[in-house]
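Only one structure is covered here, and it is reproduced in the block below.
The values are calculated or read from the model by the stated rules, or taken from the named source; none is laboratory data. Computed from a predicted model, the values in this text were never measured in an experiment. Counting neighbours? That spans all protein chains shown, and the Cβs are built from the backbone with ideal geometry, glycine included. Accessible surface areas use protein heavy atoms only, side chains included; no ligands, DNA or RNA. Shrake-Rupley method; radii C 1.70, N 1.55, O 1.52, S 1.80 Å.
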Amino acid sequence: MRFTEEDAGYVTVRPVVKQTFRLAELAGMVVSVTGKNVARVRQIFGAGTVVYNGYRYWWQGFVANEEEISGLLTAFPDDDPALPFDPAQVTSLSLEIGGGTQLSLIRVAREEAKAKRLFRKGSAWEILLTAARDSAPRYERYSHAERADVYRVQISFEAAAALLKQAATASRRGLRKRLTALEPPAAILLFIPRTKSSGAATRP
C-alpha cells in the first residue's frame, strides 16, 4: 500500500493506492535501502513498511527466517571489484562535497551534462570525466539503490575547483546554475549500471 510521499522537510499526504507486489519486487525495494543485509531485510519484512523513491509503502508484516531471506537475496548482485572501469558505460555521477554530517552528494546525469552550449566543442560531461582519466577510479561497491557499480575518484581541492569551473562554463543554463553554486568536491562517484554480461546476478 503506497501511502505518503515524503520530501525534504515535510510530508505530503496522498490518496492511498493499493498495489500488488511479488515477493521479489518487495525484496527489491527493501534491498535498495538495506543492501544484502539479512538481519535488516528480516526486520523490515516484519515491520511491514519501507520508504522507497520518496513513497512510504505499507504491508502486513510477516516473519521469515534467515535461510529463506538468504535464498531470496541470491538473486541480487554482490560487489565485484574485478569489474573493469569503462568511462563509456558511466550513466551518472555524484559530486561528493563536505564530509561527516555535512556530506552532500550532487547528482549529475549523463543526458543533462552532455548537452552542449552553443559554439562550444566540449560538454560538461566530457570535462567531468577527465577526472577519471587523470586518476584511475577505485571500485567502491555495488549500489542496490542505483542498480549500478560505483567507482570513486579522489580529487585535490585545486583540481576540483578548476574542473568545476570548466564544467560550469560548458554547461547549459540549468546545470550551470547548479554547478556555480557548489564548493569544489573532494571526490567524484561514477555509476555504471550492472548488466548480465558482467558475470554477476542481476535483479529479477
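A few remarks follow.
- Looking across the range 26-49, the residues that are charged (D, E, K, R) and either touching a residue at least 24 places away in the same chain (Cβ under 8 Å) or not in a helix (DSSP H, G or I) (or both) come down to Lys36, Arg42.
- Residues that are assigned to a loop (DSSP other than H, G, I, E, B) and either of a type in the set (Lys, Arg) or free of Cβ contacts under 8 Å to residues at least 60 places away in the same chain (or both) within the range 75-103 comprise Pro81, Ala82, Pro84, Leu103, listed in sequence order.
- When residues of the range 162-195 are limited to those that are open to solvent by 60 Å² or more (accessible area, probe 1.4 Å) and within 19 Å of the chain's Cα centre (by Cα), the one modelled with the lowest pLDDT: Thr195
- Condition check for Thr130: more than 18 Å from the chain's Cα centre (by Cα) and polar (S, T, N, Q): yes
- Qualifying residue in the range 148-161 (condition: of a type in the set (Gly, Ala, Ser), exposed (fewer than 15 other Cβ atoms within 10 Å of the Cβ) and touching a residue at least 60 places away in the same chain (Cβ under 8 Å)): no
- Lone qualifier among Leu105, Leu95 - being closer than 28 Å to Val30 by Cα and surrounded by fewer than 15 Cβ atoms within 10 Å (Cβ to Cβ): Leu105
- Any pair with Cβ under 9 angstrom, 6 or more apart, that starts in the range 118-140 at a residue that is more than 22 Å from Thr169 (Cα to Cα) and ends at one that is hydroxyl-bearing (Ser, Thr, Tyr) and outside any loop (DSSP other than H, G, I, E, B): Pro137/Tyr151; Arg138/Tyr151; Tyr139/Tyr151; Glu140/Tyr151
- Test: residue in the range 61-70 that is in contact (Cβ under 8 Å) with a residue 24 or more places away in the chain, within 30 Å of Glu183 (Cβ to Cβ) and not hydroxyl-bearing (Ser, Thr, Tyr): no
Residues are listed down the side, and each one gets a yes or a no for (1) among the polar types (S, T, N, Q); (2) out of contact with any Phe, Trp or Tyr (no Cβ under 8 Å at 6 or more places or on another chain); (3) open to solvent by 70 Å² or more (accessible area, probe 1.4 Å); (4) within 26 Å of Glu140 (Cα to Cα):
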site: Val33; (1), (2), (3), (4): no, no, yes, yes
site: Tyr52; (1), (2), (3), (4): no, yes, no, yes
site: Trp58; (1), (2), (3), (4): no, no, yes, no
site: Glu67; (1), (2), (3), (4): no, yes, yes, no
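- Selection of first residues in the range 180-192 that are in contact (Cβ under 8 Å) with a residue 60 or more places away in the chain and on the phi > 0 side of the Ramachandran plot and of second residues that are open to solvent by 40 Å² or more (accessible area, probe 1.4 Å) and part of a strand (DSSP E or B), restricted to Cβ pairs under 6 Å at least 6 apart or on distinct chains, gives an empty result.
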